2 protein chains.
Amino acid sequence: MAKHEGRSTKDRGWLRQLTFGLALLSATTLAAQDADRLVTSALSNTRAYETLSYLTDEIGPRPSGSANAARAVHWTTAQFRAWGIDVRTEKVTVPHWLRGDEHARLVSHNDQKIVLTALGGSVATPPAGITADVVEVNSFDELKQLGTKVKGKIVYYNNPMDLELVKARHSFEAYSRAVIYRGTGASRAAEYGAVAALIRSVGSASLRTPHTGAMRYDPKQPKIPAGAMTIEDAELVHRLLARGDRVRMNLVLTPKTLPDVESANVIAEIRGSEHPEEIVLIGGHLDSWDLGTGAIDDGSGVAMVMETLRIIKESGLRPKRTIRAVLFMNEENGLNGGRAYFAAHKNEKHVAAIETDAGAAAPTGFNTTLKGEALEAIVTKTKTLDRLGAHRFEYAAETGADTSFLIDAGVPGFGLVPDPLHYFDYHHTPADTLDKVDAKELAQDTAAVAALAWSIAE
Amino acid sequence: MAKHEGRSTKDRGWLRQLTFGLALLSATTLAAQDADRLVTSALSNTRAYETLSYLTDEIGPRPSGSANAARAVHWTTAQFRAWGIDVRTEKVTVPHWLRGDEHARLVSHNDQKIVLTALGGSVATPPAGITADVVEVNSFDELKQLGTKVKGKIVYYNNPMDLELVKARHSFEAYSRAVIYRGTGASRAAEYGAVAALIRSVGSASLRTPHTGAMRYDPKQPKIPAGAMTIEDAELVHRLLARGDRVRMNLVLTPKTLPDVESANVIAEIRGSEHPEEIVLIGGHLDSWDLGTGAIDDGSGVAMVMETLRIIKESGLRPKRTIRAVLFMNEENGLNGGRAYFAAHKNEKHVAAIETDAGAAAPTGFNTTLKGEALEAIVTKTKTLDRLGAHRFEYAAETGADTSFLIDAGVPGFGLVPDPLHYFDYHHTPADTLDKVDAKELAQDTAAVAALAWSIAE
C-alpha cells in the first residue's frame, strides 16, 4: 500500500478486504456445505458396493485384453449413461497375456508340490516344463557374484516383505522394497544363463497363496519364464537349500501372449459451470489381475469414482470446474490407459488428478504432491474429511500409476489412502474378492473422494 | 479298623499309614522330579522340530497308501532304532484314494472360476465334468423340503463355521458343528437325485483356501462326486443365488480310488521296570492329507510322541509301567490304524491312552475321560505341567480318534490341547506346512506329553 494514501483510501481498502474476505468465507462455507452434503449422500447408501458387486461377482476377473475387460468397459459406460452422465470411451491398445498351466514339483524331494503362479508377461516353459537345480540369491549383488554359476539353473530371489513395516502401516514402502526382483529379476538372471527365475510372493499374508504381478523383459537378454512361489513354498526351498540339500525342480508355466487387443478407457464427466475447461480428474482402473476378481485392486477404485459422479449428479449440484471420472484400462501390465489418456488430454488444464488404487479399507486421508501453502489451502478447504477420519494429507512424490504421466507434467496429484494394513494380504492374489470389502468403508472412501474432488472443483 | 483293637495296634496302624504316606510322598516326589527333568530336557532342544522338519520338508504329504506314507513308516522306524528304542511295525490295510484334477467354473457367469477341492473318498465326475444348476441348502431339513427339486442339480451345503466360537477358543466345537455336511452330505443329496454335492470349506480362515476332509458313501445311494469350495467361492455362489441369479456350474473332479495298500502302524516302547504289562500309550498319526505337508495334522503329534520316547531313553530313566508310542496310519480317511491296533492289543492292559492330534500351538492342558477323584489324582501328580501353562484338565467324552476304540473299551483317555485359536485356519489345507509350527511351542507340547505319560507310568 502506497505511503501517501489518505485515511479514507485506507478505509476503503480495509472495507474492500473485508468484503472480499466475507465473500470468500461465504463461498468456502458454501463449498464446504456442499461437500458435506455429498459426504452424507455417499454414506447413506451402498451403491458403490453394488457397483463393485457387479464388477466382481457378475463380470469377474478383468485382465487386459479379456472378454471380461470388454464387458467392464461396456457395463460401466452403460451405467454412467443410465445415470444421465456424459460418457465416452477412448481407444487404448492393450497387451493380451493369457495364463496357462502353472505347477511345479521338487523332483529331488519326492516330487513335492511347489505352489506358484506365473508373473504377468512371462514366456512359457515347454509343456513338460523345465527341470533344473534351484539357486537362491538375496540380491542382484549376490546374483552378480555367482555370475555364470547360475547357468542352466532356476534363480530364486528370496526377498521377504518387511512385516514390521506393514504392521506400522508403511505397507506400500514395504511393498516397494520387496517387489524389485519381480520386474527385472528374470532378465538379470538370464544375463548369466539362468533358465527360469522365481521370486518369493510379495505379500503380507499367505495360506499357500501366490501373489502375481507384472514383469518385463530386457530386450537384450534371452526371455526366460518367471513365476512367484507362495511364501510357504519359498521358505521350503530356502530351508532345503540351507540344510545343504540339492533342490531340483520341474517347473511348468504355459502362459501365452496373444496379439494386442483394442480396448478402452471410460471417461465420464460433469461439466463445470464457471470453468468447464478446468478439470479435476478422479480415476481408478477397470482392469484387474486374473487370479482374483479385482475387488480391492481396483474394482473399489472404479466404484468410488463412479459413485462420486452419481451422487453429484443426483444432488443437482453443479461444480464450478469440470469433475471428470476416468476408468483406466491396463494399469496392471502396461499402463497403456494412463499413457493414452495423457497423450490425448495433455493440453487440457488439469487442476488436480485424484487416483484411488489402494484398496477399500477405511479412509485415512490422501497422499499428495502438494506441499507448503498449496497443501495448507487444501487442508483448510476439506474440513469435512474430519467426519470420515480421513483428513490426513501427506506429501508423496507419486500418488498413482495411471495419473503419473499427468503428475510428471506438473498436475497436482492426490492418492486416496485407505488403511493399508491388510492390502498386501490380498493384492494380486486369488483372494482379491468382494468379501474383502466392507460396504460401509467403501462408502466412506467414496465420500472422501467426492469431498476432495468437490472442494477442489469449487 | 476293628472296635476292640488296643492302643498299640492303633499306634502301629498310625505308624504304618505314616510310613506308607511318606513312601508315597517320596515316590510321588521322585516321580515329579523325574517328570520335571523330562520337561527340562524337552524344552532344552529342538529335536521334535527337527523330526517334524524331516517328515514335512524332506518326505512331504503322507496320504494313506502313498509312497510318502510308506517312507514315513520306514523313516520313523529307523529313527527309533537309531535311538536304541524297541520298535516294530504292525500291518494296517489302508484305502488308496488319489486326488486328480479339480476345478470348476460358473458357465452362467462368464466362466468365472470356482476354487474347490475334492473331499477325500469322492468318486470322479466325467473328465469334462458335470454341468448343472446349483441349489443351496442350509440344512438336511431344507434338503428334505426341496426333495426331488434337487434332481439333476448340484447341492451346495452352506453351513459357515461359527467364528465367535473359534475366537472364544471353542474351535473344536465350532468344527464339529460345521463339519456335519462333509461326511454324509453327498449321499443325502444323492437320495433326492442330486448329481454332485459341495460344501463350504470348514475352516476359520481363507485366502481362497480349500479345506478337504473325509466323506463316506451310504451304500444304498448312488455315489455322486463331493467337493469343498473355498469360503470365498461359497460366498460368491450364495450371493449370486441370493440375488436371484441362476447359477450353473461346470464341475471337474477326477480322483481315483486305487486298490487297498498294505501299510503299517509304527509301535515303539520303553518297557516298564515294575509293571511292564501295564501300558501308557502315547499316539499321533503318520498319515496326512495330501494338500499340505501335514505339519500341524499330525506331523507335530508324531514328533512329540517320538521325542518323548527319545528323551526318556536319553535320560536313562526307566518308568515303572511301559510307555508305548504308537504312530497310527490312516487316521484321516478310515481310522484303520486305530482299529488294527485295538484288534491286536485289546487284551493288553492299557492304563491310559494319550493322543496328540490337535496341532502344535502352545499347550494349555489335556482333555480327559476321567472325572472326580481319578482326575484329581492326575492333577496332583502332574504339577510340573504348571511350568508349561499346561495344567488345565477338562472332561471330554472323546479325547482322540485313533485311541477312540481303546477309550470305548474303558481305557482312560487324554488328548493334548494346544491353543486351538488358529488350528482350523490351516487344518486340511495346502497351508498346513512347517512354517505354521513354532519350534519352542512344539517343545512345550512335547514336554507336556512327556510329563503326563511319565507321571501316569509311575
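The values are calculated or read from the model by the stated rules, or taken from the named source; none is laboratory data. The structure displayed is predicted, hence computed values, not measured ones. We place every Cβ from the backbone using ideal geometry, glycine too, and count neighbours over all the protein chains shown. Remember, those area values only see protein heavy atoms, side chains included, never the ligands or the DNA or RNA. Shrake-Rupley method; radii C 1.70, N 1.55, O 1.52, S 1.80 Å.
Tell me whether region A:412-431 contains one or more residues that are open to solvent by less than 10 Å² (accessible area, probe 1.4 Å), in contact with a strand residue (DSSP E or B) (Cβ under 7 Å, 6 or more places away or on another chain) and within 30 Å of B:VAL237 (Cα to Cα).
Yes - at least one qualifying residue is present in region A:412-431.
Scan region B:49-62 and give yes if some residue there is modelled with pLDDT of 95 or more, open to solvent by 40 Å² or more (accessible area, probe 1.4 Å) and part of a strand (DSSP E or B), otherwise no. I'd like the intermediate steps shown before the answer.
To start, the set of residues in region B:49-62 that are modelled with pLDDT of 95 or more comprises B:49-62.
From the residues that got through so far, the ones that are open to solvent by 40 Å² or more (accessible area, probe 1.4 Å) too are B:49-50, B:54.
With part of a strand (DSSP E or B) added as a condition, the list becomes none.
No - not one qualifying residue is present in region B:49-62.
Just the residues that are outside any loop (DSSP other than H, G, I, E, B) and surrounded by fewer than 17 Cβ atoms within 10 Å (Cβ to Cβ), please, taken from region A:98-115.
A:LEU98, A:HIS103
One residue is enough: does region B:208-215 have a residue meeting the conditions farther than 24 Å from A:GLY294 by Cβ, open to solvent by less than 10 Å² (accessible area, probe 1.4 Å) and within 14 Å of another protein chain (Cβ to nearest Cβ)?
Let us first name the residues in region B:208-215 that are farther than 24 Å from A:GLY294 by Cβ, namely B:211-215.
The next check asks that each one be open to solvent by less than 10 Å² (accessible area, probe 1.4 Å); those that pass are B:211-213.
Filter once more, so that each one left must be within 14 Å of another protein chain (Cβ to nearest Cβ): B:211-212.
Yes, there is a match, as at least one residue in region B:208-215 is farther than 24 Å from A:GLY294 by Cβ, open to solvent by less than 10 Å² (accessible area, probe 1.4 Å) and within 14 Å of another protein chain (Cβ to nearest Cβ).
Report, by residue number, each residue of region A:222-243 that is more than 12 Å from every other protein chain (Cβ to nearest Cβ) and either surrounded by fewer than 16 Cβ atoms within 10 Å (Cβ to Cβ) or modelled with pLDDT under 95 (or both).
If the condition is that a residue be more than 12 Å from every other protein chain (Cβ to nearest Cβ) and either surrounded by fewer than 16 Cβ atoms within 10 Å (Cβ to Cβ) or modelled with pLDDT under 95 (or both), then A:PRO222, A:LYS223 are the ones that fit.
Cβ-Cβ under 8 Å, sequence separation 6+ or interchain: first residue in region A:64-84 and under 21 Å from A:TYR49 (Cβ atoms), partner open to solvent by 20 Å² or more (accessible area, probe 1.4 Å) and part of a loop (DSSP other than H, G, I, E, B). Which pairs?
Every condition considered, the pairs that remain are A:ASN68/A:PRO61; A:ASN68/B:ASN110; A:ARG71/B:ASN110.
How many residues are of a type in the set (D, E, K, R), more than 14 Å from every other protein chain (Cβ to nearest Cβ) and open to solvent by less than 10 Å² (accessible area, probe 1.4 Å) if we restrict to region A:432-458?
Summing the residues that are of a type in the set (D, E, K, R), more than 14 Å from every other protein chain (Cβ to nearest Cβ) and open to solvent by less than 10 Å² (accessible area, probe 1.4 Å) in region A:432-458 gives 1.
Could you check B:ASN138 against (1) under 26 Å from B:SER108 (Cα atoms); (2) surrounded by 17 or more Cβ atoms within 10 Å (Cβ to Cβ) and say which number it fails?
Result: B:ASN138 passes all but (2).
Can you name the number of the only condition in (1) open to solvent by 20 Å² or more (accessible area, probe 1.4 Å); (2) farther than 28 Å from A:HIS428 by Cβ that A:PHE405 fails?
(2)
On the basis of being closer than 17 Å to A:GLU355 by Cβ, surrounded by fewer than 21 Cβ atoms within 10 Å (Cβ to Cβ) and aromatic (Phe, Trp, Tyr), does A:TYR395 make the cut?
yes
Against the definition (open to solvent by less than 70 Å² (accessible area, probe 1.4 Å) and assigned to a helix (DSSP H, G or I)), how does B:GLY365 come out, yes or no? Working first, answer last.
Values: open to solvent by less than 70 Å² (accessible area, probe 1.4 Å): yes; assigned to a helix (DSSP H, G or I): no.
No; evaluated as a whole, the condition is false for this residue.
Considering A:ARG177, A:ARG182, which residue is among the basic types (Lys, Arg), closer than 29 Å to A:ALA358 by Cα, in contact with a strand residue (DSSP E or B) (Cβ under 6 Å, 6 or more places away or on another chain) and part of a helix (DSSP H, G or I)?
Numbers: A:ARG177 fails: in contact with a strand residue (DSSP E or B) (Cβ under 6 Å, 6 or more places away or on another chain).
That would be A:ARG182, the only listed residue that is among the basic types (Lys, Arg), closer than 29 Å to A:ALA358 by Cα, in contact with a strand residue (DSSP E or B) (Cβ under 6 Å, 6 or more places away or on another chain) and part of a helix (DSSP H, G or I).
Rundown of residues vs (1) under 19 Å from B:GLU307 (Cβ atoms); (2) of a type outside the set (Lys, Arg); (3) more than 13 Å from chain A (Cβ to nearest Cβ), yes/no style:
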{"residue": "B:ILE59", "(1), (2), (3)": "yes, yes, no"}
{"residue": "B:ARG62", "(1), (2), (3)": "yes, no, no"}
{"residue": "B:ALA69", "(1), (2), (3)": "no, yes, no"}
{"residue": "B:ALA72", "(1), (2), (3)": "yes, yes, no"}
{"residue": "B:ASN110", "(1), (2), (3)": "no, yes, no"}
{"residue": "B:LEU119", "(1), (2), (3)": "no, yes, yes"}
{"residue": "B:THR125", "(1), (2), (3)": "no, yes, yes"}
